[in-house]
C-alpha cells in the first residue's frame, strides 16, 4: 500500500494496483443531549466532515429518539458498520438496543465516545465498562472511583462525591502518557488544545482502560488539582474503544489536535493500526491550531465566537449540576 496526499481531502489510502481501498463504514449516532449547551445538530456535521475528509471513512448518521421516545422505527443495524461513533447523551435505551450495542462491540466492533457521550446511560453497567469513566446524570461514588494521574501513574480514588465537573472553557495543555500507542505515535509530548471544557472528577469501573493523554485541572479554574484523563482507549471483549473527553462545541472540534486524534482513534478502533500522518499544522506546547473552515460551520463564528464562547458572567458561576 502507498499513501497519496490530497491537498483538499488529506491522506487517502490506495491499493498498489491504483484502486481505492474500501472505506471504513462508520455509524455516527446522535439525537439527544443533556442540555442546549451540547448542540448535536451543529457538532454532528462537523464530526462527519472531519472523518470523511481523510478519505478513509464513509459516515452514516443515525438520529436516535430521546429517552422515553418511540424507538420502534430506530433500527440502526450496527453489524453493517465497523465503527460506531457516539455523539449521544441520554439516560436510557430500550433493553434490546442495549444488547445489540453490547454484542457489536464484544464481537469486535469499534466504538468512539465523544465528550458528553460519556455522560449517557448512568444505569447501564456494560456501557460504563465500555467508556471506562463518565460524569453527571446523578453519578456518584456508586458509579466507581475517580481516575486521574498522580506522580506519573494512573490511580483510583474512592472518595465520595458527585461525578463530573469542569471550569470555564479555556485552551487546554494536553500531556501525552502513551507515546508509543498508534493513536499517539508521532504527536508532541505536550500540545495545546483549543478552547474547550476540561472534564474532571469522572467516575467509572476503569476496567481494561489505558489513558493516552491527560490535562491538569487547575484549581484557579474550578479544577481538582489533578492530571485528568483526556484521551482513553479500552477493550471490551474483542472490541476496541477510543474515548475522548474533548469536543464540547464546534470551536473545540475545529482544533487540529482534536481532529487528528479523532481521525486516528477511529481508524485504530476499526483496524488496530493508524496509517495517517501527523499534520504539519498540529499544535505545539505553546500554540493552539484550529481550522477556520471547520470553526465557521458554527453560524456563531462570524459573530465573534472566540470572544463570546465564555462570557464573563458565565465564568463567575459554578458549572451546571447536570451535563
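The values are calculated or read from the model by the stated rules, or taken from the named source; none is laboratory data. Remember, predicted model here, so these are calculated numbers, not experimental data. Cβ: placed from backbone, ideal geometry, glycine included. Neighbour counts: every protein chain shown.
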| request: Kindly list, by first and then second residue, each pair from a residue in region 92-103 that is on the phi > 0 side of the Ramachandran plot and crowded, with 16+ Cβ neighbours inside 10 Å to a residue that is at pLDDT 95 or above and not in a loop (DSSP other than H, G, I, E, B), limited to pairs with Cβ atoms under 9 Å and residues at least 6 apart or on different chains. | output: none
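Any residue at all in region 147-154 that's in a helix (DSSP H, G or I), in contact with a strand residue (DSSP E or B) (Cβ under 8 Å, 6 or more places away or on another chain) and either surrounded by fewer than 17 Cβ atoms within 10 Å (Cβ to Cβ) or at positive phi (or both)?
Keep residues of region 147-154 that are in a helix (DSSP H, G or I), which gives none.
The answer is no; no qualifying residue exists.
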| task | Take region 50-63 and flag every residue that is touching a strand residue (DSSP E or B) at 6+ places or on another chain (Cβ under 9 Å) and either more than 19 Å from residue 109 (Cβ to Cβ) or at pLDDT below 95 (or both). | result | 52, 53, 54, 55, 63
| remark: residue 184 passes all but one of the listed conditions (1) farther than 23 Å from residue 130 by Cβ; (2) touching a residue at least 24 places away in the same chain (Cβ under 8 Å); the exception is number (1)
| request: Any residue in region 219-232 that's over 21 Å from residue 189 (Cβ atoms): show its pairings with residues that are at pLDDT 95 or above and assigned to a helix (DSSP H, G or I) at Cβ separation under 9 Å, as long as the two are six or more apart or on different chains. | output: 225/219
| remark: Residues of region 46-56 being under 16 Å from the mean Cα position of the chain (by Cα) and over 23 Å from residue 91 (Cα atoms), in sequence order, are 46, 48, 49, 50, 51
| message | Looking only at region 7-34, how many residues end up being touching a helix residue (DSSP H, G or I) at 6+ places or on another chain (Cβ under 9 Å) and either modelled with pLDDT of 85 or more or in a loop (DSSP other than H, G, I, E, B) (or both)? | response | 13
| request: Count, please, the residues in region 48-67 that happen to be in contact (Cβ under 8 Å) with a residue 60 or more places away in the chain and part of a helix (DSSP H, G or I). | output: 3
| What are the residues in region 128-146 that are out of contact with any strand residue (DSSP E or B) (no Cβ under 8 Å at 6 or more places or on another chain) and surrounded by fewer than 24 Cβ atoms within 10 Å (Cβ to Cβ), if any? | 137, 138, 142
| field | Condition check for residue 240: in contact (Cβ under 8 Å) with a residue 40 or more places away in the chain, over 21 Å from residue 163 (Cα atoms), under 16 Å from the mean Cα position of the chain (by Cα) and not in a helix (DSSP H, G or I) | value | yes
| note | Per the list (1) assigned to a loop (DSSP other than H, G, I, E, B); (2) out of contact with any helix residue (DSSP H, G or I) (no Cβ under 8 Å at 6 or more places or on another chain); (3) farther than 23 Å from residue 234 by Cβ, residue check on residue 91 breaks on (3)
| If residue 44 satisfies every condition in (1) buried (at least 21 other Cβ atoms within 10 Å of the Cβ); (2) touching a residue at least 40 places away in the same chain (Cβ under 8 Å); (3) in contact with a helix residue (DSSP H, G or I) (Cβ under 9 Å, 6 or more places away or on another chain); (4) not in a loop (DSSP other than H, G, I, E, B) but one, which is the exception? | (3)
| Pairs where the first residue, in region 247-276, is in contact (Cβ under 8 Å) with a residue 60 or more places away in the chain and on the phi > 0 side of the Ramachandran plot and the second is buried (at least 24 other Cβ atoms within 10 Å of the Cβ) and in a strand (DSSP E or B), C-beta under 9 Å, 6+ apart | 247/114; 247/196; 247/255
| request: Could you check, for region 52-70, whether at least one of its residues is within 21 Å of residue 135 (Cβ to Cβ) and surrounded by 21 or more Cβ atoms within 10 Å (Cβ to Cβ)? | output: no
| Matching residues in region 105-121 - criterion: being buried (at least 22 other Cβ atoms within 10 Å of the Cβ), in contact with a strand residue (DSSP E or B) (Cβ under 9 Å, 6 or more places away or on another chain) and on the phi < 0 side of the Ramachandran plot | 105, 109, 110, 111, 112, 113, 114, 117, 118, 119, 120
